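Where a number appears in this text, it was derived from the coordinates with a stated rule and is not lab data. Everything quoted here is computed from the prediction, not taken from an experiment. Please note: Cβ atoms are built from the backbone with ideal geometry, for glycine as well, and neighbour counts cover all protein chains shown.
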Amino acid sequence: MKFGVVNFPGSAGFSDAVYALHYILEQDVVELWHKDTDLQGVDMVILPTGASFGDMPKPGVAAAKSPIMASIKKFAGNRGMVLGIGNGFQVLCQAGLLKGTLNPNQSETFIGKNIFVRPDNTDTPVTRLINKGQALQLPIAHACGRFDADRETLREMHQKGQILLRYCSEDGKTTSESNPDGSIDNIAAICNDSENVFGMMACPERAVDPDLGNVNGLLVFQGLIGV
């Protein structure tokens, strides 16, 4: 599978994504600059985490207006697969490719730690290798990850199975204590209604190497590769 990883100024997770996909998962990877317009025939686009454009004027706003995003919108409209991780999730929401908004954490602080998520829908490329009820430990690193949407949008997303992952405790319970950023309904990852554009705040690319003591992120990428 051929992946394109987009590099915006400030994309701190760009190298992590390239490393995970190319060196760990042995996939073909193309490095895409934010001013590019040619996606070079990739099968999937990854928007990595980090602080694109210094998170100014707010996370994802400037990156959503980059030249490459017009090509990514067209790619997604033709059923091409796109995954936004962390800041990449923020970019996709700002670009209108995913519903809802990502707001400052409820604690009003940056949070960097390991958390647990469990699948809400196991029939998507992102979640299909995760067992129902399985609590997956993944790292997060964000100050603006609190997902929110209006009541009608949220109702439609639940009905259509667009909620992919929810924050949970180690034993798989969705509690307020296990919700690191205050996201509505403990939502940690979503997709569009065509199930080809995905966004998640946790960073699976930072949990694929045995040397780091966590390979849970492999389930996310292997599910995508197997599509």
Report summary line: If you go through L224, L218, the only one that is more than 22 Å from Q94 (Cα to Cα), surrounded by fewer than 22 Cβ atoms within 10 Å (Cβ to Cβ) and within 17 Å of the chain's Cα centre (by Cα) is L218
Query raised in the report: Considering only residues of segment 188-206 that are among the small types (G, A, S) and buried (at least 24 other Cβ atoms within 10 Å of the Cβ), which is nearest to the chain's Cα centre (by Cα)?
Result: G199
Query raised in the report: Out of (1) of a type in the set (F, W, Y); (2) over 19 Å from the mean Cα position of the chain (by Cα); (3) in a strand (DSSP E or B), what's the single condition that is false for F3?
Result: (2)
Report task. Could you run through segment 90-126 and say how many residues are assigned to a loop (DSSP other than H, G, I, E, B), more than 15 Å from S194 (Cβ to Cβ) and in contact (Cβ under 8 Å) with a residue 40 or more places away in the chain? Result -> 6
**Report entry** Where a residue in segment 202-221 is free of Cβ contacts under 8 Å to residues at least 60 places away in the same chain and under 19 Å from Q134 (Cβ atoms) and its partner, wherever it lies, is among the aliphatic types (A, V, I, L, M) and assigned to a helix (DSSP H, G or I), with Cβ under 9 Å and at least six apart
**Finding:** V215/I24
**Report entry** Checklist (1) part of a helix (DSSP H, G or I); (2) touching a residue at least 12 places away in the same chain (Cβ under 8 Å) applied to I46, failing item
**Finding:** (1)
Query - Residues (touching a strand residue (DSSP E or B) at 6+ places or on another chain (Cβ under 9 Å) and over 14 Å from L92 (Cβ atoms)) located in segment 196-211 - result: A202, C203, P204, E205, R206, A207, V208
Report summary line: Considering residues that are out of contact with any helix residue (DSSP H, G or I) (no Cβ under 6 Å at 6 or more places or on another chain), assigned to a helix (DSSP H, G or I) and over 13 Å from N103 (Cα atoms), the number found within segment 54-65 is 2
